[in-house]
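Comments concern the structure below.
The values are calculated or read from the model by the stated rules, or taken from the named source; none is laboratory data. Only a predicted model underlies this, so the values are computations on that prediction, with no experimental measurement involved. All Cβ positions, even for glycine, are placed from backbone atoms using ideal geometry, and neighbour counts span all protein chains on display. Keep in mind that these areas ignore ligands, DNA and RNA; they rest on the heavy atoms of the full protein, side chains included. Shrake-Rupley method; radii C 1.70, N 1.55, O 1.52, S 1.80 Å.
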Amino acid sequence: MSNDANDTGDAEALVEEHEQRINDLVADVDDPAELGDDEDDGFSMQLAGLELDRRDFMKAGAAAGVAGAAGAFAGCQTALPEGKTPSDSGGGGGGGGSQGASASHGHFVPPGEKDEYYGFWSGGHSGEIRVIGIPSMRELQRIPVFNTEPARGYGYDDESSEMLEQAGDYTWGDNHHPNLSETDGDYDGEYLYVNDKANGRIARVNLKYFETDAIVDVPNVQCIHGTSVLSPDTKYVLGNGEFRAPLPNDGRDVNDPEEYTALFSAVDPESMETAWQVKVDGNLDIVDTGKEGRWAISSCYNSEEATEIQGMTRDDRDYAKVFDIPAIEQAVEDGNYEEVNGVPVVDGTRESDLNSGDEPIVRYVSTPKSPHCVEVGPDGKYAFIAGKLSPTVTMLDLDMIGEVDDPTEAVAGRPKVGLGPLHTTFDGNGHAYTSLFIDSQVAKWDIEEAANAELGSSDPVIEKQDVHYNPGHIQALEAMTTDPDGEWLVSLNKLSKDRFLPVGPIHPDNDQLIHIGDGEKEMEIVADHPAYPEPHDCVFAHRDKINPATTWDKADYEGEKPFVTAENSGVERTGDSSVHVKASSKRSEYGMYDFTVQEGDEVRMTVTNVEGVRDIIHGVAIPEHDVNLAVAPQDTREVTFTADDPGVYWIYCTYFCSALHLEMRSRMIVEPSE
Ligand code: RUQ
Ligand code: CUA
């Protein structure tokens, strides 16, 4: 059955000759350095003249929802700063100052050179993670997580499709918040964790292989929004349940919304099992943690616990919730919980016994209406809670929060930064950068000055940079570590409107690369980057911290899957109507030229790529059987399918692996049953 595919036969010699010819051709191309740096664009200068009108328009559009909601509830003067209406044309701060300025900070990475940073972008409804180089903004890779991805064979081989099936068998996910695993408060390059807002899941990506290796469908919650690892050593992956629902959601209390509840979940980063959950009042939006492993801070809107927008915006305050992680662990250890669907659920509502004593497990801190993001600064001193409807950012002193009787006494500052503050990031030199959704700007401000200024003062604001348009998240280099790198910041703008060629009514988003340096100079936009909708957040790690494998390490699947060589390729009958087909693959042959099965057989096919050379992938496609594997060097993948119809089916390699790639074929012969 098998031919000796490990032998370097004539085919190999042909390939070598062919590759040599390609190399010779490539060497003839002009010096890449001559391609130069094409940063200049008279285009943006031309646009600058139009800037004001368009900006007014954008601002009015973004504020429309807010204004509508404001009309629906009384006394929401927090929504807009005094004397300012949504259609006000004030650009604010140093606005357009640097707009259209020549890009003196090149982000161009010449051909053959590599980026200094890895950027990991959430992919929104695509369910994937995108790997983008910084500062070039070139897309390097996509990592399928909650989706299926033919190019990676993800969701097609047995292992990944079983993983997706066990995690709820949904066809998509809505990922928002990628987080890198940490050791000592620094990215350790091992894993990335990301949420699925749509189905209440958390996934883990193994950064050795840039592959998803575990997904947990967190019990008792419908939606996981904010997600964060517990600093400094990734003790848990924390997930915010945003939608309140009956607990358990089995048909009880469906018509009693006041009985619904929101849950804060902790997932063990190794077993990827849900360790415990905390029941809270109101809902949960975004979360970050302090740097010492004690506090996790979540934002909350809809403290009214309403089910429609008018009710959700009725009151003029909401709160942040500060979770005391060791106190929660103690409650679990003491048996102070109710078990629901196998998970210990601790009661962290304000009325609960656990929370009414001197040492509450959850502290409720009053904030202006509908706060959005929570980020903790690099030194761990403050949590920054962006106001969204309020033009302010609330700074919570994490050293004080455990000491004061009334948690609002731990509010250390509340600078007024502009309209629609959503997210904050840091340069490590004492500055915070807050995205302003309504103003379409990034506000840079001084953290210590904000701590010393009166609440509501705009004095700490140093500078504002226009962005295009309506930013959500912003992220600076290594901003979630204890030692951010500054230099670059990306503003993830929700709308691109007129920035790219029109491509139908659904436009790409616009991720803008902004030079921030060490924070002492003005910000400068150096690149627009269209992004397929809709990333929410991203995280950047220096390339020295990420250590991807170049080929698979057999030891990582030993005992689970065989390593198939040409010698042990073949077909083995495993039952009356089941066979196991094993095949090696290399340039440009499978371990057998054909194999025969009987009509109706369940075929388990195991394919190993025996190559030791990086980037030589072999694919396995079997037409009319929906079979699609992508096997990296030294890796083994398996797929199980049924040979329903008699006939001949060509098997071909889907990766252009050599000059004889098209000839890399095999046949599956399905013999008719009598
Ligand atoms: S949230 S910006 Cu998940 Cu702010 Cu999207
Ligand atoms: Cu292997 Cu193409």
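Residues of region 571-587 that are of a type in the set (Gly, Ala, Ser) and open to solvent by 10 Å² or more (accessible area, probe 1.4 Å): Gly575, Ser577, Ser578. State yes or no: is Lys464 at positive phi and touching a residue at least 60 places away in the same chain (Cβ under 8 Å)? For Lys464, the condition - at positive phi and touching a residue at least 60 places away in the same chain (Cβ under 8 Å) - is not met.
If you go through region 440-467 and pick out every residue that is open to solvent by 10 Å² or more (accessible area, probe 1.4 Å), among the aliphatic types (A, V, I, L, M) and part of a loop (DSSP other than H, G, I, E, B), you end up with 2.
The strands (runs of 3 or more DSSP E) found entirely in region 501-620 that carry 2 or more residues being over 25 Å from the mean Cα position of the chain (by Cα) and either more than 16 Å from ligand 2 (Cβ to nearest atom) or of a type in the set (S, T, N, Q) (or both) are 570-575, 578-586, 594-598, 602-609.
Which of the residues belonging to region 291-319 are polar (S, T, N, Q) and touching a Leu at 6+ places or on another chain (Cβ under 6 Å)? Ser298, the sole residue that qualifies. Please enumerate the residues belonging to region 368-377 that are of a type outside the set (Gly, Ala, Ser), more than 16 Å from ligand 1 (Cβ to nearest atom) and in contact with a Phe, Trp or Tyr (Cβ under 9 Å, 6 or more places away or on another chain). Within region 368-377, just Lys369 meets the criteria.
Screening region 491-500 for residues that are away from ligand 1 (no atom under 13 Å from the Cβ) and either hydrophobic (A, V, I, L, M, F, W, C) or open to solvent by less than 10 Å² (accessible area, probe 1.4 Å) (or both) and picking the one that is nearest to the chain's Cα centre (by Cα) gives Ser496. When Gly119 is tested against (1) touching a Cys at 6+ places or on another chain (Cβ under 8 Å); (2) assigned to a loop (DSSP other than H, G, I, E, B), just one condition goes unmet, and that condition is (2). Across region 589-626, the qualifying residues are those that are under 11 Å from Asp157 (Cα atoms) and either touching a Gly at 6+ places or on another chain (Cβ under 7 Å) or open to solvent by 10 Å² or more (accessible area, probe 1.4 Å) (or both), and the one among them that is farthest from ligand 1 (Cβ to nearest atom) is Arg604.
Table: residues versus (1) in contact with a Cys (Cβ under 8 Å, 6 or more places away or on another chain); (2) over 28 Å from Tyr652 (Cα atoms); (3) without any contact (Cβ under 8 Å) to a residue 60 or more places away in the chain.
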site: Ile525; (1), (2), (3): no, yes, no
site: His529; (1), (2), (3): no, yes, no
site: Glu534; (1), (2), (3): no, yes, no
site: Val539; (1), (2), (3): no, yes, no
site: Asp544; (1), (2), (3): no, yes, yes
site: Arg573; (1), (2), (3): no, no, yes
site: Ser584; (1), (2), (3): no, no, no
site: Gln598; (1), (2), (3): no, no, no
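The set of residues in region 367-391 that are out of contact with any Pro (no Cβ under 8 Å at 6 or more places or on another chain) and of a type in the set (Gly, Ala, Ser) comprises Ser370, Gly377, Gly380, Ala383. When region 116-174 is limited to residues that are among the hydroxyl-bearing types (Ser, Thr, Tyr) and open to solvent by 50 Å² or more (accessible area, probe 1.4 Å), the one that is farthest from Val221 (Cα to Cα) turns out to be Tyr156.
Restricting attention to region 306-331, the residues being within 30 Å of the chain's Cα centre (by Cα) and open to solvent by less than 50 Å² (accessible area, probe 1.4 Å) number 13. Can you tell me which residue is nearest to Thr307 (Cα to Cα) among those in region 213-253 that are of a type in the set (Gly, Ala, Ser) and touching a strand residue (DSSP E or B) at 6+ places or on another chain (Cβ under 6 Å)? Checked region 213-253; the qualifying residue nearest to Thr307 (Cα to Cα) is Gly241. What about Pro533, is it open to solvent by less than 10 Å² (accessible area, probe 1.4 Å), within 16 Å of ligand 1 (Cβ to nearest atom) and not aromatic (Phe, Trp, Tyr)? Answer is no for this residue.
Check whether at least one residue in region 205-226 is touching a residue at least 60 places away in the same chain (Cβ under 8 Å), of a type in the set (Val, Ile, Thr), within 16 Å of ligand 1 (Cβ to nearest atom) and crowded, with 23+ Cβ neighbours inside 10 Å, and report yes or no. No - not one qualifying residue is present in region 205-226. Taking region 636-674 as the range and being within 13 Å of ligand 2 (Cβ to nearest atom), crowded, with 16+ Cβ neighbours inside 10 Å and part of a loop (DSSP other than H, G, I, E, B) as the test, the residues that pass are Cys653, Thr654, Tyr655, Cys657, Ser658, Ala659, Leu660, His661, Met664. Annotation: of all residues in region 401-418 being free of Cβ contacts under 8 Å to residues at least 60 places away in the same chain and among the charged types (D, E, K, R), the one that is surrounded by the fewest Cβ atoms within 10 Å (Cβ to Cβ) is Asp405. Taken over region 419-439, residues that are within 16 Å of ligand 1 (Cβ to nearest atom), part of a loop (DSSP other than H, G, I, E, B) and open to solvent by less than 20 Å² (accessible area, probe 1.4 Å) amount to 4. Taking the criterion of being under 20 Å from Ser352 (Cα atoms) and touching a Cys at 6+ places or on another chain (Cβ under 7 Å), the residues of region 265-298 that qualify are Gly282, Asn283, Leu284. Look through region 287-305, keep the residues that are under 20 Å from Asp233 (Cα atoms), assigned to a loop (DSSP other than H, G, I, E, B) and not small (Gly, Ala, Ser), and return whichever of them is nearest to the chain's Cα centre (by Cα). Here the residue is Lys291.
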